[in-house]
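Notes follow the structure.
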Amino acid sequence: MQDTTSRVKPIDERAAAAAPAAETASAKTPEIPATREMPEVPEGLWLSADEQAAWRTFLYATTLLSERFSEALQSAPGIGLTLGEYEILVRLSEAEHGFLRMSELADQVVHSRSRLTHTISRMEKRGLVERVRCAADGRGRQAQLTAEGVAMLDRAAPTHVRSVREHLVDVIGREDLLELGRILGRTLDDDAPVDVRCPSAHEEPAAPC
């Protein structure tokens, strides 16, 4: 009969071998005291329970909605845009002559300059936009909408609007949507770039856009 005693550690030896690993894991996990001393802050700074619930609902909902809108565009055949890329096409389409300075475009879509440069580079490779020297003074760069960019926007707009209606407008209703816009508008500066530059497709334009 084969002797296996040399290959099997006694239980107490295995426990002893495992002890250092357990101690190491325990040492890496910080102990959180049951009660903590909070830093001194001005009275009324901390959010109440219902204020925290409202804030977390807002943060979660806006993040989730943005993801859903972006997913609708990215997964649509022949489109494959992120929500940020779609918004860039919209802003350029509404701009006079179809171009904006890179700095102005960054402000309109709430991108850092470096983030916008990266996004525009990606869109350039697809032929949706191009960067050219500013026509006004020859200094700086501006993003210019291309014919392919216009065609892409025309293809993508129905998909985007359907997702906005499905996930937002049809859920909360038109009146609550308008009220939500009024409420959030109070958080913005008076010159925030949120005005609608062109009329909706079903409205007659008052002037060329």
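No value in this document is a laboratory result; all are computed from the given coordinates. Remember, it's a predicted structure, so these values are computed and weren't measured experimentally. Neighbour counts run over all protein chains shown; Cβ positions are idealised from the backbone, glycine included.
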(message) Debye calculation, C-alpha points only, no solvent: report log10 I(q)/I(0) for the range 73-138 at q = 0.16 Å⁻¹, in the same order as the q values.
(response) -0.52
(request) In nm, give the distance between the simple-model label positions of Val164 and Arg56, each being 7 Å from the Cα along the Cα-to-Cβ direction. (result) 3.1
(message) Please compute the modelled spin-label separation between Ser112 and Gln74, points set 7 Å along Cα→Cβ, answer in nm with one decimal.
(response) 2.0
(request) For a label point 7 Å from the Cα of Asp195 along Cα→C-beta, name the residues of the range 94-133 whose backbone N is under 15 Å from it. (result) 94-96, 108
(message) Give me a comma-separated list of calculated 3J(HN,Hα) values for the range 76-89, in order, Karplus coefficients 6.51, -1.76, 1.60 applied at θ = phi - 60°, integers in Hz, x for any Gly or Pro.
(response) 6, x, x, 10, x, 9, 7, 4, x, 5, 4, 5, 4, 4
(request) Using 0.36 nm per residue of separation minus the Cα-Cα distance, give me the extension gain between Leu178 and Arg131 in nm, one decimal. (result) 13.3 nm
(request) Distance from a point 7 Å along Cα→Cβ of Val171 to each backbone N in the range 69-110: keep the residues under 15 Å and list them by number. (result) 69-72
